[in-house]
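Data first, discussion second: the structure below is written as structure tokens.
The values are calculated or read from the model by the stated rules, or taken from the named source; none is laboratory data. Nothing here was measured: the structure is a model prediction, and the numbers come from that model. Neighbour counts are summed over all protein chains in view; Cβ atoms, including those assigned to glycine, are modelled from backbone coordinates with ideal geometry. The area values use the complete protein model at the heavy-atom level, side chains included, leaving out ligands, DNA and RNA. Shrake-Rupley method; radii C 1.70, N 1.55, O 1.52, S 1.80 Å.
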Amino acid sequence: MKILKTNIGLIRRRFKEPNLTFEVYLIGRRSKTEVVITYIKGITNENIVNEVRKRITSIDIDIGMNTTMISRLIVEKP
């Protein structure tokens with residue numbers, strides 16, 4: 001979690017937007033992989049954000065994951 005917090009801090013320092021939002025999720029029964037949804041409130045389509053939330057929270061897997069694996073699990077037609 002420390003690396004994740006550092007990266008979020010670096011993004012916030014570089015991109016000074018008050019509506020920049022980070023939502024942290026833990027996915028995986030054992031691995032508890034950290035996933036962050038990042039978007040700008042008021043600009044990003046809320047329906048898309050809700051759909052991404054739904055797909056992220058519906059991932060039920062027991063192994064460690066990387067970005068490629070997660071993206072394949074949440075896209076509609078891989």
List, please: which pairs have Cβ atoms under 9 Å, are six or more places apart or on different chains, and start with a residue in region 8-31 that is without any contact (Cβ under 8 Å) to a residue 40 or more places away in the chain and at positive phi and end with one that is open to solvent by 30 Å² or more (accessible area, probe 1.4 Å) and in a loop (DSSP other than H, G, I, E, B)? Gly28/Asp60; Gly28/Ile61; Gly28/Asp62; Gly28/Ile63; Gly28/Gly64
Count - residues of region 42-56 that are open to solvent by 90 Å² or more (accessible area, probe 1.4 Å) and among the β-branched types (Val, Ile, Thr): 2
Of all residues being exposed (fewer than 13 other Cβ atoms within 10 Å of the Cβ) and β-branched (Val, Ile, Thr) in region 57-71, which is modelled with the highest pLDDT? Just the residue, please. Thr57
Selection from region 1-41 of residues that are over 15 Å from Ile56 (Cα atoms), open to solvent by less than 40 Å² (accessible area, probe 1.4 Å) and modelled with pLDDT under 90: Leu4
